[in-house]
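Below: one structure, written as structure tokens.
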Amino acid sequence: MESVNSTLLTEFILTGIPYPLRLRTFLFVFFLLIYILTQLGNLLILITVWVDVQLHAHPMYIFLGVLSVIDMAISTIIVPRFMMNFTLVITPISFGGCVTQLYFYHFLGSTQCFLYTLMAYDRYLAICRPLHYPVLMNAKLSTLLVAGAWVAGSIHGALQAILTFRLPYCGPNQVEYFFCDIPAVLRLACADTTVNKLVTLVDIGVVVASCFSLILLSYIRIIQAILRIRTADGRRRAFSTCGAHVTVVTVYYVPCAFIYLRPETNSPLDGAAALFPTAITPFVNPIIYTLRNQEVKLALKRMIGGCRT
């Protein structure tokens, strides 16, 4: 045990994902633009929800503002480091940096899962029980639900980080991935990882399956309620309200299920799938919510008009 302890790793090298060398500059610029637009788009949504009185009085848009904060944070902890893969300089990530990145990714990711579930429940109450909605989903309750999502997410992230880095890592130090995530890091452990893999599968599986099941159940009830609306315009507006949420949930959950809820492999498709929850989803969320949500578009027009005045 002493020989193992004397050679424990102090840093890791993230190898990134395979790519043609001739596209190095293009990919660097592409993901730099993705990162900048992600931050600007989510910041715009956050400011709009905060400034517009008609939006921040509704729990749905409080949830949307929190989602923007999470998207900005996930993009920040993953994308800048990922972009370094397209430079000529190989910069290792320290052991503590790897722990921090894994913790915050799973903390924010699980919080996002819980938040999507809360947003689906909010839409269920608004469409299926509109008369009781102001009582069942008020500002105080929505704040408590968001706080609960943050606490549950932090516990989940801490559990995964502790279980992953309680193991000894004594070499090699090359993580075949573009960020420190559980499957890639565990391959470097100098100990049996069976328990870790089982706990990871069960823990993440329970979070993803339970949240997705609740979202699915909410939308089954929502669709049933929408189909009972007599006017075509009413049905169109109800579907439009829910369409943005269904789109982002699909883009988020499918890659996560592909990465974590299947037998372990070391496929390049894992890295491609992981780009969706870490880079693509945070980028498209503001676009989807502004293009598919009439109230957000009207709020943006009011804010821009107020600035001009």
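Full-extension gain between residue 191 and residue 298, please, as 0.36 nm times their residue separation minus the C-alpha to C-alpha distance. Can you show the working numbers first?
On the way: separation 107, 0.36 × 107 = 38.52 nm, distance 5.65 nm.
Contour length minus the Cα-Cα distance gives 32.9 nm.
Relative contact order of the chain, taken over Cα pairs closer than 8 Å and 6 or more residues apart, is 28 percent.
Which percent of the accessible heavy-atom area of the chain goes to carbon and sulfur, probe 1.4 angstrom? About 71 percent, which is the carbon plus sulfur part of the accessible surface.
Enter the accessible area per residue of the chain (Å², integer; probe 1.4 Å; all protein chains in place). Please report the intermediate quantities before stating the final value.
Numbers: 15370 Å² over 309 residues.
The answer is 50 Å² per residue.
Think of the chain as having a plus end and a minus end, set by charges on the Cβ of Lys, Arg, Asp and Glu; of 146, 183, 83, 146 sits farthest toward the positive end of this dipole.
What's the longest piece of the chain with no exposed trypsin sites (Lys or Arg not before Pro), counting a site as exposed if DSSP puts it in a loop and it has at most 10 other beta carbons within 10 Å? Show your work: numbers first, answer last.
Details: sites that count: 166, 228, 230.
Within the chain, the longest run free of exposed trypsin sites (Lys or Arg not before Pro) spans 1-165.
Please report, in debye to the nearest 20, how large the charge dipole of the chain is about its Cα centre when each Lys and Arg carries +1 at its beta carbon and each Asp and Glu carries -1 there. Walk me through the numbers on the way to the answer.
Working: 21 positive and 13 negative charges, 294 e Å.
The dipole of the chain has a size of about 1420 debye.
Of 119, 72, the order by accessible heavy-atom surface (1.4 Å probe, DNA, RNA and ligands excluded), from most exposed downward, is 72, 119. Of 200, 25, the residue with the largest accessible area leads and the full order is 25, 200 (1.4 Å probe).
Mind running the shape call on segment 25-102? Use the C-alpha gyration tensor, a ≥ b ≥ c as the square roots of the eigenvalues: rounded below 1.5 for a/c, prolate if a/b tops b/c, oblate otherwise.
oblate
Between residue 158 and residue 221, the contour length at 0.36 nm per residue exceeds the alpha carbon distance by 19.2 nm.
The values are calculated or read from the model by the stated rules, or taken from the named source; none is laboratory data. These numbers were taken from a predicted model, which means no experiment stands behind them. All Cβ positions, glycine included, derive from the backbone under ideal geometry; neighbour counts span all protein chains shown. Protein only, heavy atoms only, side chains kept; ligands, DNA and RNA dropped before computing areas. Shrake-Rupley method; radii C 1.70, N 1.55, O 1.52, S 1.80 Å.
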